[in-house]
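Participant: What follows is a structure written as C-alpha coordinates; I'll ask about it next.
The values are calculated or read from the model by the stated rules, or taken from the named source; none is laboratory data. Keep in mind that what you see is a predicted model, and the values were worked out from it rather than measured. Every residue, glycine among them, receives a Cβ derived from its backbone with ideal geometry; neighbour counts consider all protein chains shown. For the accessible areas, the whole protein counts, side chains as well, though only heavy atoms, and no ligand, DNA or RNA atoms are used. Shrake-Rupley method; radii C 1.70, N 1.55, O 1.52, S 1.80 Å.
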Amino acid sequence: MKRTLFYIVFLILSNTISAQVVFEPSLKEAFKKAKEQNKIVFIEYYNSDCSVCKRLGDLLKSDSLVTAYYNKNFINYAMNTNGSLADEDNAFIEAANLHFNSVPVLLYFDKDKQFLHHSGVNVDAEHIINEGKKAKHPDYRSSGLKSKYDKGDRTVKTLYAYCDLLLVNKNETLLKKISQELFESFKKEELPTKKSYIILKQVVISTENGFFQYWINNLDSLKDFETGYKAGTEKSYLEKIVLKELNDTTIKNWDISKKNKFKEYILKLKITDNPEVYFE
(Lines give C-alpha, C1' and ligand atoms only; values in the text may rest on other atoms or scores of the structure.)
Protein backbone atom coordinates (compact mmCIF):
# COMPACT_ATOMS: atom_id res chain seq x y z
CA MET A 1 0.00 0.00 0.00
CA LYS A 2 2.78 2.43 0.98
CA ARG A 3 4.72 1.55 -2.15
CA THR A 4 1.65 2.21 -4.31
CA LEU A 5 1.02 5.55 -2.60
CA PHE A 6 4.66 6.56 -3.07
CA TYR A 7 4.45 5.69 -6.76
CA ILE A 8 1.30 7.80 -7.20
CA VAL A 9 2.92 10.78 -5.47
CA PHE A 10 6.04 10.34 -7.61
CA LEU A 11 3.96 10.40 -10.79
CA ILE A 12 2.09 13.52 -9.70
CA LEU A 13 5.34 15.35 -8.88
CA SER A 14 6.95 14.22 -12.14
CA ASN A 15 4.02 15.47 -14.18
CA THR A 16 3.99 18.78 -12.30
CA ILE A 17 7.69 19.35 -12.96
CA SER A 18 7.48 18.43 -16.64
CA ALA A 19 4.45 20.69 -17.08
CA GLN A 20 6.46 23.87 -16.47
CA VAL A 21 9.73 25.41 -17.52
CA VAL A 22 12.42 24.25 -15.11
CA PHE A 23 14.44 27.19 -13.74
CA GLU A 24 17.84 26.83 -12.12
CA PRO A 25 18.33 28.20 -8.59
CA SER A 26 21.20 30.52 -9.56
CA LEU A 27 22.93 32.03 -12.57
CA LYS A 28 26.09 30.16 -11.66
CA GLU A 29 24.26 26.84 -11.70
CA ALA A 30 22.55 27.73 -14.99
CA PHE A 31 25.85 28.32 -16.80
CA LYS A 32 27.45 25.30 -15.16
CA LYS A 33 24.72 23.09 -16.61
CA ALA A 34 24.86 24.93 -19.95
CA LYS A 35 28.53 24.01 -20.29
CA GLU A 36 27.93 20.44 -19.26
CA GLN A 37 25.05 20.02 -21.73
CA ASN A 38 26.31 22.43 -24.43
CA LYS A 39 23.10 24.45 -24.33
CA ILE A 40 22.02 28.08 -24.55
CA VAL A 41 20.92 29.81 -21.34
CA PHE A 42 17.48 31.43 -21.43
CA ILE A 43 16.85 34.20 -18.88
CA GLU A 44 13.37 35.39 -18.03
CA TYR A 45 14.08 39.02 -17.07
CA TYR A 46 10.98 40.14 -15.20
CA ASN A 47 9.44 41.90 -12.21
CA SER A 48 7.14 39.97 -9.91
CA ASP A 49 4.83 43.00 -9.56
CA CYS A 50 4.41 43.44 -13.34
CA SER A 51 1.04 42.25 -14.70
CA VAL A 52 2.46 41.25 -18.09
CA CYS A 53 5.28 39.40 -16.31
CA LYS A 54 2.73 37.48 -14.28
CA ARG A 55 0.95 36.42 -17.47
CA LEU A 56 4.28 35.34 -18.95
CA GLY A 57 5.06 33.40 -15.79
CA ASP A 58 1.71 31.62 -16.00
CA LEU A 59 2.39 30.69 -19.62
CA LEU A 60 5.85 29.33 -18.78
CA LYS A 61 4.24 27.16 -16.12
CA SER A 62 1.26 25.88 -18.07
CA ASP A 63 1.72 25.78 -21.84
CA SER A 64 2.88 22.31 -22.81
CA LEU A 65 4.44 23.36 -26.13
CA VAL A 66 6.48 26.14 -24.51
CA THR A 67 7.62 24.06 -21.57
CA ALA A 68 8.60 21.11 -23.75
CA TYR A 69 10.58 23.36 -26.13
CA TYR A 70 12.41 25.33 -23.44
CA ASN A 71 13.20 22.37 -21.21
CA LYS A 72 14.61 20.49 -24.20
CA ASN A 73 16.62 23.28 -25.81
CA PHE A 74 17.72 25.61 -23.00
CA ILE A 75 18.97 25.86 -19.47
CA ASN A 76 16.56 28.33 -17.88
CA TYR A 77 16.96 30.99 -15.24
CA ALA A 78 14.48 33.59 -13.91
CA MET A 79 15.88 37.02 -12.99
CA ASN A 80 13.51 39.05 -10.82
CA THR A 81 14.12 42.83 -10.91
CA ASN A 82 11.70 43.57 -8.08
CA GLY A 83 13.49 45.77 -5.55
CA SER A 84 16.99 45.22 -6.86
CA LEU A 85 18.78 42.45 -8.68
CA ALA A 86 20.91 40.00 -6.75
CA ASP A 87 24.59 41.04 -6.86
CA GLU A 88 25.53 38.19 -9.21
CA ASP A 89 22.64 38.96 -11.55
CA ASN A 90 23.32 42.71 -11.57
CA ALA A 91 27.02 42.23 -12.31
CA PHE A 92 26.14 39.87 -15.15
CA ILE A 93 23.67 42.30 -16.80
CA GLU A 94 26.11 45.20 -16.44
CA ALA A 95 28.95 43.15 -17.96
CA ALA A 96 26.68 42.34 -20.91
CA ASN A 97 26.00 46.10 -21.36
CA LEU A 98 22.24 45.63 -21.28
CA HIS A 99 19.93 48.42 -20.11
CA PHE A 100 16.19 47.83 -20.06
CA ASN A 101 13.51 50.42 -19.40
CA SER A 102 10.70 47.90 -19.15
CA VAL A 103 9.97 44.24 -18.45
CA PRO A 104 9.53 41.44 -19.26
CA VAL A 105 12.42 40.67 -21.60
CA LEU A 106 13.54 37.34 -23.04
CA LEU A 107 17.33 36.97 -22.94
CA TYR A 108 19.58 34.29 -24.41
CA PHE A 109 23.31 33.66 -23.88
CA ASP A 110 25.67 30.96 -25.05
CA LYS A 111 27.34 28.61 -22.54
CA ASP A 112 30.30 31.01 -22.31
CA LYS A 113 28.07 33.93 -21.24
CA GLN A 114 28.19 35.64 -24.62
CA PHE A 115 25.02 37.56 -25.51
CA LEU A 116 23.01 36.02 -28.35
CA HIS A 117 19.51 37.47 -28.47
CA HIS A 118 16.89 39.56 -26.72
CA SER A 119 13.23 40.25 -27.26
CA GLY A 120 10.27 42.04 -25.76
CA VAL A 121 7.28 39.87 -25.01
CA ASN A 122 3.95 39.04 -26.55
CA VAL A 123 2.38 36.64 -24.10
CA ASP A 124 1.53 33.81 -26.45
CA ALA A 125 3.16 30.45 -27.03
CA GLU A 126 4.01 31.02 -30.69
CA HIS A 127 5.95 34.20 -29.94
CA ILE A 128 7.89 32.67 -27.03
CA ILE A 129 8.87 29.62 -29.08
CA ASN A 130 9.78 31.69 -32.15
CA GLU A 131 12.13 33.88 -30.10
CA GLY A 132 13.78 30.74 -28.79
CA LYS A 133 14.25 29.54 -32.37
CA LYS A 134 15.81 32.88 -33.33
CA ALA A 135 18.26 32.56 -30.44
CA LYS A 136 19.36 29.18 -31.78
CA HIS A 137 19.82 30.43 -35.36
CA PRO A 138 22.84 32.69 -36.09
CA ASP A 139 21.02 34.48 -38.93
CA TYR A 140 18.18 35.68 -36.70
CA ARG A 141 19.88 36.56 -33.43
CA SER A 142 20.15 40.13 -32.14
CA SER A 143 23.90 39.63 -31.91
CA GLY A 144 24.08 39.16 -35.68
CA LEU A 145 22.51 42.52 -36.54
CA LYS A 146 25.78 44.47 -36.73
CA SER A 147 27.17 41.94 -39.18
CA LYS A 148 24.05 42.21 -41.35
CA TYR A 149 24.32 45.99 -41.30
CA ASP A 150 28.04 45.96 -42.10
CA LYS A 151 27.31 43.69 -45.08
CA GLY A 152 24.90 46.29 -46.47
CA ASP A 153 21.49 45.17 -45.21
CA ARG A 154 19.39 48.34 -45.06
CA THR A 155 15.93 46.79 -44.88
CA VAL A 156 13.49 48.45 -42.48
CA LYS A 157 13.22 45.22 -40.47
CA THR A 158 16.98 44.95 -39.90
CA LEU A 159 17.49 48.65 -39.21
CA TYR A 160 14.64 48.72 -36.70
CA ALA A 161 15.94 45.65 -34.87
CA TYR A 162 19.46 47.10 -34.86
CA CYS A 163 18.13 50.37 -33.42
CA ASP A 164 16.42 48.42 -30.66
CA LEU A 165 19.67 46.65 -29.81
CA LEU A 166 21.63 49.94 -29.80
CA LEU A 167 19.03 51.41 -27.46
CA VAL A 168 19.49 48.46 -25.10
CA ASN A 169 23.27 48.94 -25.33
CA LYS A 170 22.90 52.71 -24.75
CA ASN A 171 24.96 53.47 -27.85
CA GLU A 172 23.19 56.77 -28.54
CA THR A 173 25.67 58.09 -31.12
CA LEU A 174 25.26 55.09 -33.41
CA LEU A 175 21.53 54.87 -32.63
CA LYS A 176 20.98 58.40 -33.99
CA LYS A 177 22.81 57.45 -37.20
CA ILE A 178 21.00 54.15 -37.75
CA SER A 179 17.55 55.53 -36.85
CA GLN A 180 18.00 58.24 -39.49
CA GLU A 181 18.94 55.56 -42.03
CA LEU A 182 15.78 53.77 -40.95
CA PHE A 183 13.80 56.88 -41.83
CA GLU A 184 15.52 57.10 -45.21
CA SER A 185 14.65 53.46 -45.96
CA PHE A 186 11.05 53.84 -44.77
CA LYS A 187 8.31 54.18 -47.39
CA LYS A 188 7.24 57.81 -47.25
CA GLU A 189 3.63 56.95 -48.06
CA GLU A 190 3.55 54.99 -44.79
CA LEU A 191 4.67 57.93 -42.62
CA PRO A 192 1.09 58.71 -41.43
CA THR A 193 0.63 55.13 -40.21
CA LYS A 194 0.88 53.39 -36.85
CA LYS A 195 4.02 51.63 -38.09
CA SER A 196 5.76 55.01 -38.31
CA TYR A 197 4.44 56.02 -34.89
CA ILE A 198 5.75 52.81 -33.29
CA ILE A 199 9.23 53.51 -34.66
CA LEU A 200 9.07 57.03 -33.23
CA LYS A 201 7.89 55.68 -29.88
CA GLN A 202 10.37 52.82 -29.63
CA VAL A 203 13.73 53.92 -31.05
CA VAL A 204 13.84 57.63 -31.94
CA ILE A 205 15.80 59.79 -29.48
CA SER A 206 16.67 62.90 -31.54
CA THR A 207 14.68 65.91 -32.74
CA GLU A 208 16.77 65.82 -35.92
CA ASN A 209 15.43 62.39 -36.84
CA GLY A 210 13.08 62.27 -39.83
CA PHE A 211 10.31 60.52 -37.90
CA PHE A 212 10.36 63.23 -35.25
CA GLN A 213 10.33 65.94 -37.91
CA TYR A 214 7.40 64.32 -39.70
CA TRP A 215 5.25 63.99 -36.60
CA ILE A 216 6.07 67.40 -35.07
CA ASN A 217 4.78 68.89 -38.32
CA ASN A 218 1.71 66.65 -38.41
CA LEU A 219 0.52 66.77 -34.82
CA ASP A 220 -3.16 66.69 -35.77
CA SER A 221 -2.61 63.21 -37.24
CA LEU A 222 -0.72 61.96 -34.19
CA LYS A 223 -3.71 60.43 -32.44
CA ASP A 224 -5.74 57.25 -32.03
CA PHE A 225 -2.65 55.01 -32.08
CA GLU A 226 -2.88 54.20 -28.37
CA THR A 227 -5.80 52.56 -26.59
CA GLY A 228 -6.84 51.77 -23.04
CA TYR A 229 -5.04 53.65 -20.27
CA LYS A 230 -2.50 54.98 -22.82
CA ALA A 231 -5.13 56.53 -25.06
CA GLY A 232 -4.23 60.12 -25.95
CA THR A 233 -0.56 59.85 -24.93
CA GLU A 234 0.90 59.82 -28.44
CA LYS A 235 2.39 63.34 -28.25
CA SER A 236 4.17 62.52 -25.01
CA TYR A 237 6.85 60.64 -26.96
CA LEU A 238 7.72 63.78 -28.92
CA GLU A 239 7.72 65.70 -25.65
CA LYS A 240 10.10 63.18 -24.10
CA ILE A 241 12.59 63.63 -26.96
CA VAL A 242 12.43 67.43 -26.73
CA LEU A 243 12.84 67.50 -22.94
CA LYS A 244 15.80 65.13 -23.13
CA GLU A 245 17.63 67.49 -25.49
CA LEU A 246 16.67 70.51 -23.38
CA ASN A 247 18.67 68.90 -20.56
CA ASP A 248 21.83 69.43 -22.60
CA THR A 249 24.44 71.05 -20.34
CA THR A 250 25.54 73.30 -23.24
CA ILE A 251 22.05 74.74 -23.80
CA LYS A 252 23.15 78.29 -22.92
CA ASN A 253 25.66 78.14 -25.78
CA TRP A 254 23.08 77.18 -28.41
CA ASP A 255 22.82 79.60 -31.30
CA ILE A 256 19.66 81.68 -31.79
CA SER A 257 18.25 79.52 -34.58
CA LYS A 258 18.48 76.34 -32.50
CA LYS A 259 16.91 78.03 -29.48
CA ASN A 260 14.07 79.37 -31.61
CA LYS A 261 13.48 75.93 -33.10
CA PHE A 262 13.15 74.40 -29.64
CA LYS A 263 10.88 77.20 -28.48
CA GLU A 264 8.64 76.30 -31.40
CA TYR A 265 8.64 72.63 -30.34
CA ILE A 266 7.81 73.62 -26.75
CA LEU A 267 4.84 75.72 -27.84
CA LYS A 268 3.57 73.17 -30.36
CA LEU A 269 3.62 70.43 -27.75
CA LYS A 270 2.22 72.76 -25.07
CA ILE A 271 4.99 71.86 -22.66
CA THR A 272 4.74 75.40 -21.29
CA ASP A 273 3.45 78.70 -22.62
CA ASN A 274 6.73 80.34 -21.58
CA PRO A 275 9.57 78.53 -23.37
CA GLU A 276 12.09 81.15 -22.22
CA VAL A 277 12.32 79.38 -18.84
CA TYR A 278 14.46 76.68 -20.45
CA PHE A 279 17.04 79.20 -21.66
CA GLU A 280 17.38 81.52 -18.67
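Participant: So which residues in segment 1-21 are open to solvent by 60 Å² or more (accessible area, probe 1.4 Å) and either acidic (Asp, Glu) or modelled with pLDDT of 75 or more (or both)?
Facilitator: Correct list: Gln20 only.
Participant: Given the criteria in contact with a Leu (Cβ under 6 Å, 6 or more places away or on another chain), under 20 Å from Ser102 (Cα atoms) and open to solvent by less than 50 Å² (accessible area, probe 1.4 Å), does Tyr214 qualify?
Facilitator: When the stated conditions are applied, Tyr214 does not pass them.
Participant: Name every residue in segment 78-98 that is closer than 19 Å to Pro25 by Cβ and within 17 Å of the chain's Cα centre (by Cα), in order of residue number.
Facilitator: Ala78, Met79, Asn80, Thr81, Ile93
Participant: Return the total of residues in segment 208-226 being acidic (Asp, Glu) and in contact with a Ser or Thr (Cβ under 6 Å, 6 or more places away or on another chain).
Facilitator: So the count comes out to 1.
Participant: If we keep just the residues of segment 232-243 that are open to solvent by 60 Å² or more (accessible area, probe 1.4 Å) and not acidic (Asp, Glu), which is farthest from the chain's Cα centre (by Cα)?
Facilitator: Only one residue tops the list, namely Gly232.
Participant: I would also like to ask the following. Which of (1) open to solvent by 10 Å² or more (accessible area, probe 1.4 Å); (2) hydroxyl-bearing (Ser, Thr, Tyr); (3) touching a residue at least 24 places away in the same chain (Cβ under 8 Å); (4) more than 19 Å from Lys268 (Cα to Cα) does Ser179 not meet, given it meets every other one?
Facilitator: Of everything listed in (1) open to solvent by 10 Å² or more (accessible area, probe 1.4 Å); (2) hydroxyl-bearing (Ser, Thr, Tyr); (3) touching a residue at least 24 places away in the same chain (Cβ under 8 Å); (4) more than 19 Å from Lys268 (Cα to Cα), Ser179 misses just condition (1).
Participant: Would you point out the residue of segment 266-280, among those that are in a helix (DSSP H, G or I) and under 32 Å from the mean Cα position of the chain (by Cα), that is nearest to Leu246 (Cα to Cα)?
Facilitator: The extreme case among them is Tyr278.
Participant: Can you work out which of the residues in segment 244-265 that are part of a loop (DSSP other than H, G, I, E, B) and over 31 Å from the mean Cα position of the chain (by Cα) is surrounded by the most Cβ atoms within 10 Å (Cβ to Cβ)?
Facilitator: Selected residue: Trp254.
Participant: Would you say Lys134 is closer than 20 Å to Leu165 by Cβ and free of Cβ contacts under 8 Å to residues at least 24 places away in the same chain?
Facilitator: yes
Participant: Could you figure out which of (1) open to solvent by 80 Å² or more (accessible area, probe 1.4 Å); (2) of a type outside the set (Ser, Thr, Tyr); (3) at pLDDT 95 or above isn't true of Lys201?
Facilitator: Going through the list (1) open to solvent by 80 Å² or more (accessible area, probe 1.4 Å); (2) of a type outside the set (Ser, Thr, Tyr); (3) at pLDDT 95 or above, Lys201 breaks only (1).
Participant: Further question on the same structure: Quick one: is Ala135 within 25 Å of Ala96 (Cα to Cα) and at pLDDT 95 or above?
Facilitator: When the stated conditions are applied, Ala135 passes them.
Participant: Here is a further query. Cβ contacts < 7 Å: first residue of a type in the set (Val, Ile, Thr), restricted to segment 86-103; second residue at pLDDT 95 or above and in a helix (DSSP H, G or I), any location; separation 6+ or different chain. Result?
Facilitator: Val103/Cys53
Participant: Would you tally the residues in segment 232-243 being of a type in the set (Gly, Ala, Ser) and in a helix (DSSP H, G or I)?
Facilitator: 1
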